[in-house]
Amino acid sequence: MMKEDIELRIWNFVEGTCSHDEKAAVQQHLDTDPEWQRIFLEVKEMQQLLAQEPELPSLRFTKNVMEEITRQQIAPAAQSYINKRIIWAIGIFLGTIIAATLAYGFGQMNWKDNSAPVKEFKPLAKLDNIDFSSIFSNNLVNGFLLLNIILGLFFLDRFLANKRRKHQSGGF
Amino acid sequence: MSTGLNDNELIARVKAGDQQAYAVIVQHYQGYVFTLVLRYVPNREDAEEVAQDVFIKAYRSLADFRGEARFSTWLYTIARTTCLSFLRRKQQPVHSLDQPGIQEAASQLSTPGIPGIEIKTKNELLRRAYGLLNTDDSTILTLYYQAEQSLDEIGRILGIEPNAAKVRLHRARTRLKEKMVQHFPREIKDLSSF
């Protein structure tokens, strides 16, 4: 076994991050193998070195912080000023727009066209049956759709940012 | 300045308007936060300023602390983000492991075995050795050994999985040992006599 592997197993042993079986196996090596015993001593020395007391700031540190704290106030929790009703209203609005667009699209399809043979590939909808020109020539509709796309991207960005933040904070 | 109250009880008192209870928290955590900040901001004056900022930010955000994790874990997360913001403002690079050639550059910049400067304590030796590591390594070692955070908690602070934290911790220990062997061979021999 390589020295690095032995070291890793001994570190896990001394810090109690290995399983019961692994602990017994390492103990057995330590009882019999001089190489393992030597590495064990090295690891113990290193562990003691690493466990030094933290460094201290200047003596005025706490006083400085407390002087600043007297001028501060605890901000309200983020959850308290985020109105969930507004979030729900926006969600319902966007959902309705998507549903309406889909309903309109499906409404334009020719469902009763049986002219093609059964085994022949037949698309569900004939896109040329939908008169897009009458919809997208209207500036108001175009603007409305653009606004929805921007809103959609904005909420997607917020959603991903929140997800990342939650993952990083782990929920405190 | 011990009150016999635990962190959550102290925080409840601070939230209820007892600002002095916060002084107990600051007193208790100042060393841990300052040491952690020093890993990112080696200049002591700047580090002290950033550490103060950490406690002020934590105070203002106290309503967001729900007690689901340890207060220390929450505080160190604020410390880390405050350090990164400080470095971004100052435009100082945070040396990452992924950056090619960073370890070689650090070795060249380091001042091993400066003649006339004797390392007299383990603390001094450790501080000098940390100075040779990159920020990722020294931070994870500080969080585990000095700030007494578990691998799960380190994972939360650094935004990584506990298993990844375990691997990174071991790599950091290995690199620290390598640096010490390379730069402080005499001190390592005398380690037991410190």
Taking the range A:21-80 and keeping only residues that are of a type outside the set (A, V, I, L, M), within 8 Å of chain B (Cβ to nearest Cβ) and not in a helix (DSSP H, G or I), one is left with A:Gln52, A:Glu53, A:Pro54, A:Glu55, A:Pro57, A:Ser58, A:Thr70, A:Gln72, A:Gln73, A:Pro76
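Any chance you could count how many residues in the range B:33-71 are assigned to a loop (DSSP other than H, G, I, E, B) and either aliphatic (A, V, I, L, M) or facing another protein chain (nearest Cβ under 7 Å) (or both)?
In the first step, residues of the range B:33-71 are kept if they are assigned to a loop (DSSP other than H, G, I, E, B); the result is B:41-43, B:61, B:65-70.
From what is left, the residues that are either aliphatic (A, V, I, L, M) or facing another protein chain (nearest Cβ under 7 Å) (or both) are B:41, B:61, B:65-66, B:68-69.
Final tally of qualifying residues: 6.
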Looking across the range A:81-109 at residues that are of a type outside the set (Val, Ile, Thr) and assigned to a loop (DSSP other than H, G, I, E, B), the single one that is nearest to the other protein chains (Cβ to nearest Cβ) is A:Asn83
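Filter the range B:22-32 down to the residues that are of a type in the set (Ser, Thr, Tyr) and more than 7 Å from chain A (Cβ to nearest Cβ) and list them by number.
B:Tyr29
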Those residues of the range B:13-28 which are surrounded by 15 or more Cβ atoms within 10 Å (Cβ to Cβ) and either in contact with a Leu (Cβ under 6 Å, 6 or more places away or on another chain) or not hydroxyl-bearing (Ser, Thr, Tyr) (or both) amount to B:Arg13, B:Val14, B:Ala21, B:Ala23, B:Val24, B:Ile25, B:Val26, B:Gln27, B:His28
Among the residues of the range B:11-26, the number that are in a loop (DSSP other than H, G, I, E, B) and within 13 Å of B:Phe55 (Cβ to Cβ) is 1
Within the range B:137-192, residues being surrounded by fewer than 21 Cβ atoms within 10 Å (Cβ to Cβ), under 15 Å from B:Ala79 (Cβ atoms) and under 15 Å from the mean Cα position of the chain (by Cα) number 3
By residue number, the members of the range A:18-29 that are surrounded by 15 or more Cβ atoms within 10 Å (Cβ to Cβ) and either in contact with a Leu (Cβ under 8 Å, 6 or more places away or on another chain) or farther than 20 Å from B:His170 by Cα (or both) are A:His29
Of the candidates A:Lys112, A:Lys119, A:Lys126, the one satisfying the condition of being at pLDDT below 90, more than 9 Å from chain B (Cβ to nearest Cβ) and surrounded by 10 or more Cβ atoms within 10 Å (Cβ to Cβ) is A:Lys126
Exactly one of A:Leu59, A:Leu30, A:Leu41 is more than 36 Å from the chain's Cα centre (by Cα) and not assigned by TED's automatic domain parsing to the domain that holds A:Arg9, and that residue is A:Leu59
For the range B:49-58, state whether one or more residues are closer than 22 Å to B:Leu87 by Cα and basic (Lys, Arg). yes
Subset of the range B:1-21, residues within 12 Å of chain A (Cβ to nearest Cβ) and touching a Lys or Arg at 6+ places or on another chain (Cβ under 8 Å), comes to B:Ala21
B:Ala79 being closer than 22 Å to A:Ala51 by Cβ, more than 9 Å from chain A (Cβ to nearest Cβ) and modelled with pLDDT of 95 or more = yes
Wholly inside the range B:114-183, helices (runs of 4 or more DSSP H) that include 2 or more residues that are at the interface with chain A (Cβ under 10 Å from one of its Cβ atoms) and over 19 Å from B:Val33 (Cβ atoms) are B:122-131, B:151-158, B:162-183
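The values are calculated or read from the model by the stated rules, or taken from the named source; none is laboratory data. All figures in this text were calculated on a predicted structure; none of them were measured in a lab. Glycine also receives a Cβ, built like all others from the backbone with ideal geometry; neighbour counts cover every protein chain displayed.
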